[in-house]
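All remarks here apply to the structure that follows.
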Amino acid sequence: MDARELRAGDPRLRDIFDQDAERYDRARPRYPASLTERLIRATGAAPGMRALEIAPGTGQLTVDLAGSGCAITAVEIGPRMAAVARRRLAAFADVEVVVAAFEEWEPPAEPFDAAVCATAAPAEPFDAAVCATAFHWIDPAVRLPKTAGVLRPGGLLAVIDTHHVAGGTEDFFAEVQECYERWDPATPPGLRQTRESDLATDTREFTGSPHFTDVTVHGHAQEITYTADQYLDVLLTYSNHRALPEAARNGLLADIRELIESRYDGSVTKRYWHELITAVRVAG
């Protein structure tokens with residue numbers, strides 16, 4: 001199914017996103033307004049507030065955060081993705097996009113006045129840290145401790161998790177499974193999408209961390225209708241689709257196009273379920 005983007009697998013696949021940053025920026029769905037509004041309220045994003053964004057991609061969510069007036073440091077592993085993000089965010093003077101893997105990134109030290117001291121002060125902690133549909137790509141041994149280390153006590157961690165769920169043009173998503181089984185031998189037979197009501201959000205990583213407390217989850221749904229061209233564009237932003245051998249990938253996409261155009265009048269509707277998970281940095 002099209003919902004098979006790896007959530008925890010070979011970490012090298014995360015580099016695939018950078019191969020076609022313009023397509024990613026064009027095709028990937030934006031987050032629903034209800035989610036971004038709740039995120040801004042939860043983080044307290046406003047002038048004078050400092051936020052860290054982990055793996056911002058092309059800056060789709062960063063634009064919404066920056067519009068609140070807060071200062072943002074965005075750490076993106078892909079240089080092409082970062083270039084698109086800088087272009088999108090050029091109007092925001094208080095947004096910096098840094099090219100680095102989050103695992104290796106070091107917060108910049110705060111310089112003292114050179115007339116007083118030639119050294120640098122420790123980095124000022126951030127008020128919030130945000131990661132949208134990318135936290136699963138960060139090394140599990142690093143992501144929570146390192147995030148906690150750059151947050152002030154009482155600061156907020158906000159993680160967005162995106163699920164491809166049952167809804168929209170449901171018959172299409174059942175039929176398209178045959179295309180995947182034909183072209184990708186790793187496809188589990190009979191795979192079907194899950195309804196959001198049947199999803200069990202796993203927050204154990206957050207609730208079990210000594211660094212965070214007050215874990216909450218809020219769900220936000222959206223449905224998007226795609227033409228065949230638009231839908232194939234979206235599929236080509238998923239790492240496991242791009243990682244298929246070229247012949248298999250081309251065959252898969254041709255079959256999906258034929259299915260949409262011949263059986264569904266040239267368009268299909270897809271349902272997404274976005275979960276906003278928040279946790280508060282404990283003191284000490």
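Annotations
- Scanning the range 29-58 for residues that are part of a helix (DSSP H, G or I), touching an Asp or Glu at 6+ places or on another chain (Cβ under 9 Å) and among the polar types (S, T, N, Q) returns Thr36, Thr43.
- Qualifying residue in the range 150-158 (condition: assigned to a helix (DSSP H, G or I) and either buried (at least 20 other Cβ atoms within 10 Å of the Cβ) or touching a residue at least 24 places away in the same chain (Cβ under 8 Å) (or both)): yes
- Residues of the range 182-207 classified as assigned to a helix (DSSP H, G or I) and surrounded by 14 or more Cβ atoms within 10 Å (Cβ to Cβ), total: 4
- A residue that is more than 18 Å from Asp161 (Cα to Cα), of a type outside the set (S, T, N, Q) and in contact with a Pro (Cβ under 7 Å, 6 or more places away or on another chain) occurs nowhere in the range 238-252.
- Condition met for Pro210 (modelled with pLDDT of 95 or more and in a loop (DSSP other than H, G, I, E, B)): yes
- Among residues of the range 59-90, those that are in a loop (DSSP other than H, G, I, E, B) and farther than 20 Å from Leu39 by Cβ, counted: 3
- Which numbered condition Thr225 fails, given (1) within 19 Å of Val165 (Cβ to Cβ); (2) surrounded by 16 or more Cβ atoms within 10 Å (Cβ to Cβ); (3) modelled with pLDDT of 95 or more: (2)
- Among residues of the range 250-284, those that are without any contact (Cβ under 8 Å) to a residue 40 or more places away in the chain and either in a helix (DSSP H, G or I) or among the hydrophobic types (A, V, I, L, M, F, W, C) (or both), counted: 7
- Only one of the listed residues (Pro47, Pro32) is more than 13 Å from Ala128 (Cβ to Cβ), surrounded by fewer than 17 Cβ atoms within 10 Å (Cβ to Cβ) and in contact with a His (Cβ under 9 Å, 6 or more places away or on another chain). That residue is Pro32.
- Subset of the range 108-137 that is over 21 Å from Tyr31 (Cα atoms) and modelled with pLDDT of 90 or more - its residue that is surrounded by the fewest Cβ atoms within 10 Å (Cβ to Cβ): Pro125
- Residues that are within 26 Å of the chain's Cα centre (by Cα) and buried (at least 20 other Cβ atoms within 10 Å of the Cβ), drawn from the range 256-277: Ile256, Val268, Lys270, Arg271, Tyr272, Trp273, His274, Leu276, Ile277
So that you can scan it fast, the table gives a plain yes or no per residue for (1) over 22 Å from Val130 (Cα atoms); (2) among the polar types (S, T, N, Q); (3) in contact with a Phe, Trp or Tyr (Cβ under 7 Å, 6 or more places away or on another chain); (4) modelled with pLDDT under 90:
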position	(1), (2), (3), (4)
Gly168	yes, no, no, no
Asp184	yes, no, no, no
Gly190	yes, no, no, yes
Phe206	no, no, yes, no
Val217	no, no, no, no
Tyr231	yes, no, no, no
Leu236	yes, no, no, no
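The values are calculated or read from the model by the stated rules, or taken from the named source; none is laboratory data. Since the structure is predicted, the reported quantities are computational estimates derived from the model, not experimental observations. For neighbour counting, all protein chains shown are included, and Cβ atoms are generated from backbone atoms with ideal geometry for every residue, glycine included.
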